[in-house]
1. For the subset of region 193-234 comprising residues that are of a type in the set (Lys, Arg) and either more than 28 Å from ALA87 (Cα to Cα) or within 16 Å of the ligand (Cβ to nearest atom) (or both), which member is surrounded by the most Cβ atoms within 10 Å (Cβ to Cβ)?
2. Is one or more of the residues making up region 83-94 open to solvent by 20 Å² or more (accessible area, probe 1.4 Å), under 16 Å from the mean Cα position of the chain (by Cα) and either under 30 Å from LYS177 (Cβ atoms) or not aromatic (Phe, Trp, Tyr) (or both)?
3. So which of GLY49, GLY95, GLY28 ends up being more than 16 Å from the ligand (Cβ to nearest atom), at pLDDT 95 or above and at positive phi?
4. For region 235-249, state whether one or more residues are open to solvent by 30 Å² or more (accessible area, probe 1.4 Å) and modelled with pLDDT under 95.
5. Between ASN57, ASN13, which is out of contact with any Cys (no Cβ under 8 Å at 6 or more places or on another chain) and without any contact (Cβ under 8 Å) to a residue 12 or more places away in the chain?
6. Filter the strands (runs of 3 or more DSSP E) completely within region 292-395 down to those with at least 2 residues that are open to solvent by 30 Å² or more (accessible area, probe 1.4 Å) and either touching a Ser or Thr at 6+ places or on another chain (Cβ under 6 Å) or assigned by TED's automatic domain parsing to the domain that holds VAL225 (or both).
7. How many residues does region 144-171 hold that are away from the ligand (no atom under 13 Å from the Cβ) and β-branched (Val, Ile, Thr)?
8. Kindly establish whether SER75 is touching a Ser or Thr at 6+ places or on another chain (Cβ under 8 Å) and within 16 Å of the ligand (Cβ to nearest atom).
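The values are calculated or read from the model by the stated rules, or taken from the named source; none is laboratory data. Predicted, not measured: the structure shown is a model, and the values here were computed from it. No Cβ is skipped: glycine too gets one built from the backbone with ideal geometry, and neighbour counts run over all protein chains shown. Note: areas computed on protein heavy atoms with side chains; ligands, DNA, RNA excluded. Shrake-Rupley method; radii C 1.70, N 1.55, O 1.52, S 1.80 Å.
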Amino acid sequence: MNSNKIKQLDKENVMQTYARFDVAIERGEGATLYSPEGTEYIDFTSGLGVNSIGYGNKKWAEAIYAQAMKLQHTSNLYYTEPYVKLAETLTKRTGMKNVFFSNSGAEANEGMIKLARKYSFDKYGKDRSTIITLQQSFHGRTITTLAATGQDAFHNFFFPFTEGFKHVPANDIEVLKSEITNDVCGVLIEFIQGEGGVLPLDEKYVNEVAELCKANDVLFLADEVQTGVGRTGSLFAFEQYDVKPEVLSFAKGIAGGLPLGGFIANEKCSKVLTLGTHATTYGGNPIAVSAALEVLSQLDDTTITEVAKKGEYITNEIQSWKLPIINEIRGRGLMIGISIKEAVPRTLAEQCSLNGLLILTAGTDALRILPPLTISYDEINKGLVILKKTLEKEI
Ligand SMILES: *Cc1c(COP(=O)(O)O)cnc(C)c1O
């Protein structure tokens, strides 16, 4: 099927909820994608932080095939080996206690929110159920995770939203202090706000949040759906801040392109969700979990260190252009935001796609680079050439 036919069928048969770029994709290799007509695109998006080990990854595809031939799914009422192996890998590599698997980021956050509320309910009873999140945050698209999301634009149409969320400005510890009232059971943060604009939290602020939570027996929760799984140059972003969340959620990059998410709890929170209090049909599906085991085995310490280096390389390159259109560059590792002046990021991203580079936007002012973690320097350089020329409006 050619690109035009695909686009036509989409318009005719699909709910038009996505502002799609004028690009159809058929296949990929490394960090390069191809349209049905063979048009080449350098991929600075990785399917929104998902395809962490790139395209055409043989060992990953083989792990999926082998598992599909053995057992594609079984109910969570039975034990399976890949599931417990992935749980063990995650607890070992984070130093935390245990895991619950879901299918997506929103579901992971929803489960983490349930855990926080039940922790408080068990210990203090009802009416201590409020969760504080930050302005500009993004936590998902379910009715509850929309309520958690600290952006007014998301609080529309779908009333009534779940009660029990308060939003405070990021990096302002005094406001947080005054908002930790008797009804609060958790504070939920992203170390680097992804959808909000690639906005990293100050280290000092994060430390103070953790201390404040501890002092009030309020759970310190981290949404690492975008920052997790090597993205920022450590397996999870918390490792680069001097804190440890009590529960953290993950999804996006974990299975390299298959749907998988979940949350990891420390010792204190490991027994909150008890028999029958949380469940899912697909969560921790054997194929997704086998894919995730392969992703984590490829994302060893060397590869993750490379992520940090590639991120620095990209940032330094872009800075060296000294383009007046660029306001500042934010982020860590391969999660990079380029704040733009006097131009619409979306228009620039569209122009990039016409020139052979897929790139994302974030917040209102930024272009966002989120490539496969295994992207080669050759592909990085090709992508940067297109980005520079597009920003200079030379192509
Ligand atoms: C993408 C994202 C989510 C939502 O994940 P889905 O898999 O789309 O439900 C939640 N939190 C953050 C920080 C994200 O980046």
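1. ARG231
2. Looking through region 83-94, none of the residues is open to solvent by 20 Å² or more (accessible area, probe 1.4 Å), under 16 Å from the mean Cα position of the chain (by Cα) and either under 30 Å from LYS177 (Cβ atoms) or not aromatic (Phe, Trp, Tyr) (or both).
3. Matching residue, one of GLY49, GLY95, GLY28: GLY95.
4. yes
5. Unique residue meeting the criteria: ASN13.
6. 326-332
7. Total satisfying the criteria: 2.
8. For SER75, the condition - touching a Ser or Thr at 6+ places or on another chain (Cβ under 8 Å) and within 16 Å of the ligand (Cβ to nearest atom) - is not met.
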